[in-house]
């Protein structure tokens, strides 16, 4: 039985931290120390987000743009697969004693995906309006005001269709490795004339993780996040954790969930359950042990 | 039979180029188009250098250092494995139609390697003396004047001892993938208390490639570089290409070769041949077809 474990941002960086390598290693150590039996799963495929890290990569490129040509966005995603992947394999090996291998992962998206017509995912540094408008003109970026803190580039977040390295990941699992893949949702590529070309987009890591779990025939998808469970009325006095969600309940709940946050997690969990009949668990690292015993977290099942 | 193919800097960036992704893709396309039968080898493991790219990564980190904490050197190496790896798998797939997968590769070095006591490999941007001295004091770097163009950081280049991901690479070859690994000589790590910790060093990519070739039981190591063959009296009017080198001839030639350039290639080729009885070829992409036929390049054999 294969388990796909999707690590959220909290596993790598915490509020108030600058995001040094030492901080990320310590956070990963704490996360893995909480995962207990999950790390002993015979077939374990780890995925991870890259929000803060890809933002830092883009900021570094901006600051050096006069000296060094900026890389296309898809290579910034690739970069974070390696830097985060190196930290994950180090701590996973140290905590569990298991051999882990990180494979660079491309994910095919459709150039006709409606997301390309309406870029909506904010990424990279904040700019003043004038500079944002200049970058819009010079580089063809889409920019927009974000959360009252300035302007940001927005990019498409198309649906993942195919994990190019799926068979490579499966080969590593077959050989006994814990795989680390699909970092940051994968390097987005589009098929054209027999080529796979990098695309100026980012893919939601939970959606990519669900696609991976379906492709691997996994029995379980575990999505780790900052909160112990999905809650109805999250953030209000009436918030109530949901211990289980049927597929119908998940569908009904989706419109109430935050688009960039819990929404894709519940949607991805439901997709995995619907396509495979497996089970999905949404919880935090700290609550995982209780969640595996059915006493915490949110379990999505058919 | 397994072939290890080590791509030199010329495969990625050429003199006068800025190093954009588009330039690197075009260079890779031209290189792979020259390799003909080699790309059809059933078991093919590709490695590559990262000199200009890791320099650019370090420069980006410097320029953004006030906003974003610089990463340790080993993560800058990791970064280039992904950015270059993504370009290689894209072009290799497009040119050969084969499936390639890039695995993040760590390489164990000895913390007692004498190289750590005498850092000698220049890396990253040039600085004025005052700034170099400041970085030396603030970050514990070793710095020194380089080629009359300013001061640079120098780092240790220890001998590679063990490729951590060797079995993962072998699994990918077994499954029919072209592997891309050991980029930039690998992410240097030292063993300590059951952990593999990143080290502030870089590993010569030809030495790592020879170690990989030995570990994989390869029959052939092909080292691609900018010149068609090893030459005695290189750069002089008397320069004469060497078509073959025995191990004894290689040993005798080594002291005459450039330390950071042809030296490690001949040394690594000889090491591979000595340990395996296989053959090693040092040539350029353009001369490869002739070299495979014995009419160009330098063949090192026992």
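Observations, loosely collected:
- Peptide-level mean, for B:164-176, of C-beta atoms on other protein chains within 10 Å: 5
- Under the criterion of Cα pairs below 8 Å and six or more residues apart, the relative contact order for chain B equals 21 percent.
- Distance between modelled label sites at residue B:42 and residue B:240, nm, 7 Å Cα→Cβ extension: 4.1 nm
- Starting from the label point of residue A:251 at 7 Å along Cα→Cβ, the same points in the other copies fall at 7.6 nm, in ascending order.
- Whole-number D in µm² s⁻¹ for region A:23-140, Kirkwood Cα-pair radius fed into Stokes-Einstein, 20 °C, 1.002 mPa s: 126 µm²/s
- Fewest-first sequence of A:34, B:171, A:268, B:261 by Cβ atoms within 10 Å of each Cβ: B:261, A:34, B:171, A:268
- With contacts taken as Cα pairs under 8 Å and at least 6 residues apart, region B:161-302 reaches a relative contact order of 24 percent.
- Cα-based Rg of region A:188-244 normalised by 2.2 N^0.38 Å, two decimals: 1.69
- Reference-scaled alpha-carbon Rg (2.2 N^0.38 Å with N residues) for chain B: 0.98
- Inter-centroid distance (Cα atoms) of region A:184-207 relative to region B:241-302, Å: 40 Å
- Gain on full stretching of the segment that runs from residue B:29 to residue B:98 - 0.36 nm per residue minus C-alpha separation: 23.4 nm
- Averaging the Cα positions of each part gives two centres, and for region B:58-99 and region B:2-36 these lie 15 Å apart.
- 0 to 90° range, to nearest 10: angle between helix A:51-63 axis and chain A longest Cα axis: 20 degrees
- Nearest-0.05 FRET efficiency for residue B:129 and residue A:1, computed from C-beta distance (R0 45 Å): 0.15
- Once the Cα atoms are used to define both axes, helix A:262-276 deviates from the longest principal axis of chain A by about 60 degrees.
- Degrees between helix B:129-139 axis and first principal axis of chain B (Cα, 0 to 90, nearest 10): 90 degrees
- Near-label residues of region B:256-274 by backbone N, under 14 Å of a point 7 Å along Cα→Cβ of residue B:147: B:259-262
- Prolate/oblate/rounded label for the protein assembly as shown (Cα gyration tensor, a/c 1.5): prolate
- Taking the fewest neighbouring Cβ atoms within 10 Å as the starting point, the ordered list for A:116, A:32 is A:116, A:32.
- Teacher prompt: residue B:120 distances to equivalent labels in other copies, 7 Å Cα→Cβ, nm: 5.9
- Based on DSSP H segments of at least four residues, each scored -39500 (n - 2.57), chain B has a per-residue ellipticity at 222 nm of -11500 deg cm²/dmol.
- Gyration tensor verdict on region B:121-267 (Cα atoms; rounded if a/c is under 1.5, prolate if a/b is larger than b/c, oblate otherwise): oblate
- Here the Debye sum runs over all C-alpha atoms of region B:225-302 as equal scatterers in vacuum, and log10 of I(q)/I(0) at q = 0.13, 0.15 Å⁻¹ comes out as -0.33, -0.45.
- Inter-copy separations for residue B:145, label at 7 Å along Cα-Cβ, nm, ascending: 5.6
- Shielding value for A:285-294 is 0, the average number of Cβ atoms from other chains within 10 Å of each residue's Cβ.
- Three-way shape call for region A:79-203 based on the alpha-carbon gyration tensor, with the a/c threshold at 1.5: oblate
Since every read-out is calculated from the coordinates, none of them should be taken as a lab result. What you see is a predicted model; the values in this text were computed from it and never measured. All Cβ positions, even for glycine, are placed from backbone atoms using ideal geometry, and neighbour counts span all protein chains on display.
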